[in-house]
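Working notes for the structure below.
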Amino acid sequence: MQVDASPVRAHVVAACLFGGVALAIVAGPMLAQGNLPGDLGDTRFNTYILEHVYRWLLGLEPHLLAPGLYYPFPDAIFFSDTHAGTAFIYAVFRALGAPRFLAFDLWFFAGYVATYLAAHYAFARMGAGAVTAGLGAAIFTFSLPSLAQFNHCQLVYRCGVPLAMLHLWEGLRGGSARDLLLSAFWLCVQTLISVYLGFFLFLLMAAFTVVLPLSTWRSRDWQATARLAGQGLARIVRVPGKGDVALLLATAAAGAATVALLWFYGHTSRLYGMARSWEEISSMLPRPGSYLVMDLLSYWYGPSHMLSGVLPMRPEHQMFMGVGVALLFLAGIVTLVVRPRAARNLPAGAMLLALAVLVLATLSIHGHSFYAVLVHVPGLNAIRAVTRIIVVLMFPVAMIAVVGLRGLAEEVRPIALGRLAALICGLAALYEVAMAGRLMFSADAAQRRVDAVIAEARRLQGGVEQPILALVGQDGEMTHLDGELAAQELGWPTVNGYSGSVPPGSYGQPNCNYAIRHFGAFDFWRKEHKLDGSPSISQLLRRTVFVGWPDCRGVGILDNTISVSIGHPPSNGLPEKVILTSGELQRREDLIAFTVHIRNASDELMPMISAAPIRVAWRFVPDDERVVGQGWSKGEALLGDIAPGAEQSLVITDELPRQAGSYRLQVSLVANGLYWFHDKGMRILTIPEPVAVP
């Protein structure tokens, strides 16, 4: 099939014009200011994975599948996106001398370039003219839902979507085995780029294939199409022509790589017992109001909240296509109804039907959705944020918008009025892309956070060999990410972890107790899976370098041994033989950290896990009765078992009371659902040093 009657030069000019202007609007300010897309969370995690692959290619990382986070749990790269299909692009920029954050920016915007070029090519091959191909590609590539996903940078590479749909269309309408193979190839490539996008593309391809006979299409019937495709495939296999061998090998390689990737994801999911609950998935299913949400547009913020209502996980529901594109989309629907010839070779009717099928299939209304059926298919419950399907659905939206542009420019009378309306819609779409807010942060500021951790880790390392980094702090996930990135640059593994999934027993707050509890969870897990040869908890602890606040030197087990087991609930006679003593008290701004020593003077094991798990609880008691105190805290779990005669120390961090006054800090133990230890004979620990709150 020929591209179009328009000269190739016109398509090149249109691609440079539409793609270049949109890319300059989206990328220019960010690159000029040295910013990164998204926030300090997911974006930095994506840089971590890409940098790990690059370091592995250089021989600086021993294991591709074990990046070093959540150490020593294996196969942690499959806890989130692996970037298997695009990591080489980042590696090229790094090899050319770009620093990691600049290389990430270049990798990110290369995704926009690749997606735009693929979409423009697909529209041109389907028969769009230079202007309509340029507009359609720009709508798909730089859509508002795509800009809203800046924080999920792995969704930027969507080049497989238009190419897979192009070749699927040509394969189905002509029975071309080559095109069907190319369609499968691009589906595999898109899956290697992002499993999410590959899955959503597969749904679009399946829906398009099913609804195609219901649309107006000039082709052979299904039986003839299948016969031609089978004959063509047999010919390619028996007597391959020019390029056929390369096509077969490329498709086979992409297919094998995709199967391997999905197998590893499935294996890791089974190994760690990872699964998404229906409650979690349903919170990120599109609602009718989701298609009206776009908080990036300042002028749309009010209508967005008014029309969408209350949405769970609102940042995931940014699905509004924008006023300009919406007008072209509606014009396209009207054109398909009253002037279907305006679509010409574009399969817009089938795309509209496929779009409708997927919108209905994924829509959640009052908690009910057809998608609930798909969740029961093995592996599909790993797809959590179904709202992200919008970045794939923007391809059929863009195609229908192109038909709308044709309808306005060619079918409305007088012609000048129609073309003026088309121009206004196009300018409105461009204006919305330019004016949409974009989440970004300073690369320099992000690097300074990491550099500070690296300097402190090197200072505290001393003579520790094969060190493991444990970064502690009150900044939650950001502390974990600082630890990941710092450990990567140091060449150390780390107990810190931030990713799409977590290993069993992972304890979220990166405090002083995190590392020991993490090692305990690993030891319990490896015994459960009968994995021998792993280092013991005490061996891992001796290699751990604690960095951050508070000072964690008081945490641990007296004899430097620890075990985690499932035991019986404590007996009624245990509490009177448990002794609590206090250690160092540390303060920092509105935070306090205190050490508690727990001595088990009984002949009974105090297990970490039981039907009534033992927890440490504390409260602030005011010296002045006029000051309002607070009740017992929810508590902190033990680090591991406390054997008879053994002692365990925890460093606990909490916020100071908000009301000014002088307080005494008290500590006790509780067996959840059973009893308080101080009700059974144990003395409540009152830390002697008063806590003054100004």
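The values are calculated or read from the model by the stated rules, or taken from the named source; none is laboratory data. Worth saying up front: this structure is predicted, and the values here are computed from it rather than measured. Cβ placement follows ideal geometry from the backbone for every residue including glycine, while neighbour counts extend to all protein chains displayed. Just so you know, the surface numbers come from the protein's heavy atoms only, side chains and all, with ligands and any DNA or RNA stripped out. Shrake-Rupley method; radii C 1.70, N 1.55, O 1.52, S 1.80 Å.
Before moving on, here are some points about what is shown:
For every residue, the table says whether it meets (1) at pLDDT below 95; (2) farther than 13 Å from VAL386 by Cα.
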residue: MET274; (1), (2): yes, yes
residue: SER277; (1), (2): yes, yes
residue: PRO288; (1), (2): yes, yes
residue: LEU297; (1), (2): yes, yes
residue: MET313; (1), (2): yes, no
residue: PHE329; (1), (2): no, yes
residue: THR335; (1), (2): yes, yes
residue: ALA354; (1), (2): no, yes
residue: HIS368; (1), (2): yes, yes
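- Only a single item in (1) out of contact with any helix residue (DSSP H, G or I) (no Cβ under 9 Å at 6 or more places or on another chain); (2) open to solvent by less than 50 Å² (accessible area, probe 1.4 Å); (3) in contact (Cβ under 8 Å) with a residue 24 or more places away in the chain is not met by GLU280, and it is number (2).
- Members of the stretch 169-186 that are within 26 Å of the chain's Cα centre (by Cα) and touching a residue at least 40 places away in the same chain (Cβ under 8 Å): ALA184, PHE185
- For the stretch 671-694, the set of residues classified as open to solvent by 20 Å² or more (accessible area, probe 1.4 Å) and within 30 Å of SER536 (Cβ to Cβ) consists of ASN672 only.
- Residue that is nearest to ASN151 (Cα to Cα) [pool: residues in the stretch 412-421 that are part of a helix (DSSP H, G or I), in contact with a helix residue (DSSP H, G or I) (Cβ under 6 Å, 6 or more places away or on another chain) and open to solvent by 10 Å² or more (accessible area, probe 1.4 Å)]: ALA421
- Members of the stretch 309-325 that are farther than 19 Å from LEU439 by Cβ, of a type in the set (Gly, Ala, Ser) and buried (at least 20 other Cβ atoms within 10 Å of the Cβ): GLY324
- Looking only at the stretch 607-623, residues that are over 12 Å from PHE677 (Cβ atoms), open to solvent by 10 Å² or more (accessible area, probe 1.4 Å) and out of contact with any His (no Cβ under 9 Å at 6 or more places or on another chain) come to 8 in all.
- Residue count for the stretch 434-481 satisfying the condition of being open to solvent by 20 Å² or more (accessible area, probe 1.4 Å), assigned to a loop (DSSP other than H, G, I, E, B) and within 17 Å of ASN511 (Cβ to Cβ): 2.
- Of the residues making up the stretch 668-678, those that are touching a residue at least 60 places away in the same chain (Cβ under 8 Å), within 17 Å of TRP618 (Cβ to Cβ) and outside any loop (DSSP other than H, G, I, E, B) number 5.
- So GLY404, is it open to solvent by less than 10 Å² (accessible area, probe 1.4 Å) and modelled with pLDDT under 90: no
- For the stretch 553-606, taking the residues that are in a strand (DSSP E or B) and farther than 17 Å from LEU665 by Cβ, the one that is most open to solvent (accessible area, probe 1.4 Å) is identified as ILE566.
- The lone criterion from (1) out of contact with any Asp or Glu (no Cβ under 8 Å at 6 or more places or on another chain); (2) assigned to a helix (DSSP H, G or I); (3) over 19 Å from MET440 (Cβ atoms); (4) among the hydrophobic types (A, V, I, L, M, F, W, C) left unmet by ALA124 is number (1).
- Output for the stretch 655-665, where each listed residue is assigned to a strand (DSSP E or B), under 41 Å from the mean Cα position of the chain (by Cα) and surrounded by 15 or more Cβ atoms within 10 Å (Cβ to Cβ): LEU665
- Filter result for the condition that a residue is open to solvent by less than 10 Å² (accessible area, probe 1.4 Å), touching a helix residue (DSSP H, G or I) at 6+ places or on another chain (Cβ under 6 Å), in contact (Cβ under 8 Å) with a residue 12 or more places away in the chain and polar (S, T, N, Q), over SER304, SER290: SER290
- The residue that is surrounded by the fewest Cβ atoms within 10 Å (Cβ to Cβ), among those in the stretch 500-551 that are among the β-branched types (Val, Ile, Thr) and in contact with a Pro (Cβ under 8 Å, 6 or more places away or on another chain), is THR544.
- Within the stretch 352-377, tally of residues that are in contact with a helix residue (DSSP H, G or I) (Cβ under 8 Å, 6 or more places away or on another chain) and either acidic (Asp, Glu) or open to solvent by 70 Å² or more (accessible area, probe 1.4 Å) (or both): 2
- Filter result (touching a Phe, Trp or Tyr at 6+ places or on another chain (Cβ under 8 Å) and of a type in the set (Phe, Trp, Tyr)) within the stretch 51-88: TYR54, TYR70, PHE73, PHE78, PHE79
- Condition check for ARG619: of a type in the set (Lys, Arg) and either more than 22 Å from VAL651 (Cα to Cα) or under 36 Å from the mean Cα position of the chain (by Cα) (or both): no
- Check on ASP75, of a type in the set (D, E, K, R) and under 27 Å from MET284 (Cβ atoms): yes
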